[in-house]
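Peer 1: Got a structure here, written out as structure tokens. Questions coming.
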Amino acid sequence: MVLGKQILALTCCLSLLPVTTMAQSETQGSFSDYVAVLKQEAADKGFSQQTIDAVFPKIKMFKKAKATKNNQAETPVTLETYLPQVVPQSKVDLARAFYKQHYAELEKIGKRYGVQPRFIVALLGIESNLGQSPANYPVLSVTASLAYEGQRETYFRSEFFAALKIIDQGGFSFADLKSNATGSMGKAFFLPSVYLSYAQDGDGDGKKDIWGNSSDALASVAYYLQQTGWKESETWGRQVWVPKQFVPSVASLSVKKTFNEWQALGVRRFDGSDLPKREDMQISMVMPDGINGRKYLVYDNYRGLLQWNASDYFAISVTYLSERIKYPPII
């Protein structure tokens, strides 16, 4: 789900339809016919014949569709209900254990890319449950099937050829490139195009293996955040308190003020104490659930998380997990 920045929020909402209905009516042909067109396009684009011969016979229609439940009343979602579901204690325990196990490696990667390790672990924890979420489908079959289904053909066709390029560059086979049902790959849940832009060789073994190599996955996430302009000297933001007369219209990422300016509007730390006394930061406020919900002052690093997934709920879940990793201290 990020430069040509493909947003990983996609992983939350896409599903595949059965082979019948829309797909065949829109493409006017079978899936095998569609793959034949992709094969000819691959040749026209200059992919090696060796790659084409090795890959295309293995591409199959991906038939796994996400079941939808009908006739169920929607449950209102707020951060008060969302955070306990997305960041249960079991995930906190898993993230803290992972942080402790990989501490030395995380410290090196954090210094190399200028990203605090707890955010790297938290992002992996929310995105792929630190690599434990299922991602075992051949990405070329998944992206070809999603393109054939037709709702976002151009998008997934592009991702198909990005995945093909990964193989054509050498080092990985058709079977190596595994994804989830929406084409997000490996422990980092990178789409193929994101992999091409951001994947890193974390341990210097000459490969960028975000599937089986934790060092590569961690370095890739760190590099991505670095490229968003991540500031190692700053954190992400803080939950705050606002007075009853506070005007909610100023709670917008398009509005930036200093701490002193927010202080003058009556904003305080969540415990009621004064905000930091500094003028060198431009800060925004977000209220994902409106004036009656949680309020946060957020910094530039928060904006970096939104480039990964343009959802305040996502970004706040990452920052919440990062705080649970930080406190109480692990090391």
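Peer 1: Hey, Asn136 hits all of (1) crowded, with 23+ Cβ neighbours inside 10 Å; (2) out of contact with any Leu (no Cβ under 9 Å at 6 or more places or on another chain); (3) of a type outside the set (Val, Ile, Thr) but one; which does it fall short on?
Peer 2: Asn136 satisfies all of (1) crowded, with 23+ Cβ neighbours inside 10 Å; (2) out of contact with any Leu (no Cβ under 9 Å at 6 or more places or on another chain); (3) of a type outside the set (Val, Ile, Thr) except (1).
Peer 1: Assuming Gly150 fulfils every condition listed in (1) within 28 Å of Asp312 (Cα to Cα); (2) in the same structural domain as Phe31 (by TED's automatic domain parsing); (3) not basic (Lys, Arg) apart from one, which condition is it?
Peer 2: (1)
Peer 1: So, of the residues in region 287-300 that are outside any loop (DSSP other than H, G, I, E, B) and in contact with a Gly (Cβ under 8 Å, 6 or more places away or on another chain), which turns out to be farthest from Val77 (Cα to Cα)? Even if it seems obvious, please write down each step before you answer.
Peer 2: Here is the first cut: in region 287-300, the residues outside any loop (DSSP other than H, G, I, E, B) are 295-298, 300.
Remaining after also requiring in contact with a Gly (Cβ under 8 Å, 6 or more places away or on another chain): 296-298, 300.
Values: Tyr296: 18, Leu297: 21, Val298: 21, Asp300: 26 Å.
For region 287-300, the residue satisfying everything is Asp300.
Peer 1: Being within 17 Å of the chain's Cα centre (by Cα) and of a type in the set (Asp, Glu) is the filter here; which residues of region 126-163 pass it?
Peer 2: If the condition is that a residue be within 17 Å of the chain's Cα centre (by Cα) and of a type in the set (Asp, Glu), then Glu127, Glu159 are the ones that fit.
Peer 1: Right, here's the next one. Before we move on, is Ser193 part of a helix (DSSP H, G or I), among the polar types (S, T, N, Q) and over 22 Å from Glu105 (Cα atoms)?
Peer 2: Values: part of a helix (DSSP H, G or I): yes; among the polar types (S, T, N, Q): yes; over 22 Å from Glu105 (Cα atoms): yes.
Spelling it out, Ser193 is indeed part of a helix (DSSP H, G or I), among the polar types (S, T, N, Q) and over 22 Å from Glu105 (Cα atoms).
Peer 1: Of everything in region 236-270, what is under 16 Å from Gly293 (Cα atoms) and assigned to a loop (DSSP other than H, G, I, E, B)? Give them in sequence order. Let's see the steps before the verdict.
Peer 2: As a first pass, look at region 236-270 and keep what is under 16 Å from Gly293 (Cα atoms): 238-252, 267-270.
Correct list: Val242, Pro243, Lys244, Gln245, Phe246, Val247, Ala251, Ser252, Val267, Phe270.
Peer 1: Scan region 28-51 for residues that are over 16 Å from Arg157 (Cβ atoms) and within 32 Å of the chain's Cα centre (by Cα) and report the count.
Peer 2: The number of residues fulfilling the criteria is 4.
Peer 1: Sticking with this structure for a sec: Which one of the conditions (1) buried (at least 21 other Cβ atoms within 10 Å of the Cβ); (2) in contact with a Pro (Cβ under 9 Å, 6 or more places away or on another chain) does Asn309 fail to meet, given that it meets all the rest?
Peer 2: Answer for Asn309: the failing condition is (2).
The values are calculated or read from the model by the stated rules, or taken from the named source; none is laboratory data. The structure presented is a predicted model; accordingly, all values stated were derived computationally and were not measured. All Cβ positions, even for glycine, are placed from backbone atoms using ideal geometry, and neighbour counts span all protein chains on display.
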